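A short reminder: the numbers here are calculations on the coordinates, not readings from a lab. Just so you know, these numbers come straight off a predicted model, no measurement behind them. Cβ coordinates were reconstructed from backbone atoms using ideal geometry, including for glycine residues, and neighbour counts include every protein chain displayed.
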Amino acid sequence: MGKLIVIEGADGVGKNTAALGLCDALNASGRSAVVIGFPRYGETVAGVTIGRFLAGEMPVPVTAEAAAVLYALDRREWLPRIIEARDTHDVVIFDRYIASNMAYQGARVEAAASRPLMDWIARLEVEQFALPRPDLSLYLDTPWELARELILQKAQRSYTDRSFDEYEADIALQQRVRANYEAIVAAGLLGPWRVVQTSTDGAMRPREAIVREIIAHI
Ligand SMILES: Nc1ncnc2c1ncn2[C@@H]1O[C@H](COP(=O)(O)OP(=O)(O)OP(=O)(O)O)[C@@H](O)[C@H]1O
Ligand SMILES: Cc1cn([C@H]2C[C@H](O)[C@@H](COP(=O)(O)O)O2)c(=O)[nH]c1=O
């Protein structure tokens with residue numbers, strides 16, 4: 001049964017780039033690896049709905065609880081593929097997983113309700129939806145000014161033509177998301193966790209250096 005490795009962090013911190021680089025490096029070294037990213041835009045009922053609300057196209061407000069259930073459902077709809085990937089590979093790399101839901105939706109409620117919502121999401125996804133726990137999670141720590149520049153460099157997205165989607169456009173939300181990730185890592189929720197500093201002197205480290213550090217943690 002393959003190991004489950006999660007790459008986490010705020011928007012635009014380089015998760016997808018690191019996940020694909022890690023996958024290539026593992027495959028080149030003779031271990032079979034595959035990347036599964038969430039949300040599954042356009043591929044699940046929940047993923048289609050998530051794309052719509054991130055694009056600002058939902059006719060009704062999407063509360064933190066409603067969004068949390070949709071993101072969890074997106075993973076539950078994809079669970080057979082997760083199990084198949086785990087059964088047929090040495091390593092399954094997730095580009096976002098349950099901690100994304102905890103950090104983001106926990107940032108969309110008032111401070112006192114944040115930790116209870118994060119704990120509720122973890123129970124929903126692990127206990128009710130039977131999603132497997134990660135073997136190791138890596139938090140990519142990228143300064144937010146740099147992450148915003150990287151978001152602008154991203155290729156065209158499937159779900160929106162905007163430069164910043166609804167969550168990316170909200171700078172205060174992004175700051176609370178980062179604080180939540182730091183709290184999740186410090187408390188070891190769905191851990192173990194390792195933190196990877198992705199930049200030096202205000203610039204991104206080369207992708208290969210980030211991947212080497214992640215492999216050392218694995
Ligand atoms: N180490 C790096 N050096 C230079 N550019 C990078 C590096 N990592 C990522 N980038 C660039 O930054 C942009 C965002 O990267 P990426 O898509 O990997 O971020 P992400 O965290 O997955 O974003 P999102 O949260 O929005 O899905 C891309 O254009 C990518 O090529
Ligand atoms: C998986 C997942 C994601 N989110 C949030 C985080 C991002 O702002 C968006 C979409 O992710 P992307 O990497 O920019 O494509 O959704 C979330 O709140 N809960 C989740 O489970």
Compute the separation of the alpha-carbon centres of region 41-97 and region 103-153 and state it in Å as a whole number. 13
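Would you work out if the chain is rounded, prolate or oblate? Take a ≥ b ≥ c from the square roots of the eigenvalues of the alpha-carbon gyration tensor; rounded if a/c is under 1.5, else prolate when a/b is larger than b/c, oblate otherwise. Before the final figure, lay out the partial values.
Details: a/c = 1.38, a/b = 1.16, b/c = 1.19.
Rounded, since a/c falls under 1.5.
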Order of Met118, Met204, Met102, Met1 under a 10 Å beta carbon neighbour criterion, fewest first: Met1, Met204, Met118, Met102
When the chain is modelled as a GNM with alpha-carbon springs shorter than 10 Å, which of Pro59, Pro132, Pro206 fluctuates the most? Pro59
Using a simple charge model, +1 on the beta-carbon of Lys and Arg, -1 on the beta-carbon of Asp and Glu, nothing else, what dipole does region 3-217 show about its Cα centre, in debye to the nearest 20? 280
Here region 90-100 yields Karplus 3J(HN,Hα) values (6.51, -1.76, 1.60; θ = phi - 60°; whole Hz; Gly and Pro given as x) of 6, 9, 10, 9, 9, 8, 6, 8, 4, 4, 4
Show that you can apply the helix-only estimate: for the chain, add -39,500 (n - 2.57) for every DSSP H stretch of four or more residues, divide by all residues, and state [θ] at 222 nm to the nearest 500. -15000 deg cm²/dmol
Which net charge results for the neighbourhood of Lys15, defined as the other residues with beta-carbon distances under 10 angstrom from its beta-carbon, given Lys and Arg at +1 and Asp and Glu at -1? -2
Extending each Cα 7 Å along its Cβ direction at Ile171 and Leu79, get the distance between those two points in nm, one decimal. 4.1
Please give the FRET efficiency for Ala183 paired with Glu145, using the beta carbon to beta carbon distance and R0 = 22 Å, rounded to the nearest 0.05. 0.50
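Based on other C-beta atoms within 10 Å, arrange Asp165, Asp74 from fewest to most.
On the way: Asp165 18, Asp74 22.
The fewest-first ordering by Cβ neighbours comes to Asp165, Asp74.
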Under a point spin-label approximation (7 Å from Cα along Cα-to-Cβ), what is the Trp120-Lys154 distance to one decimal in nm? 2.7
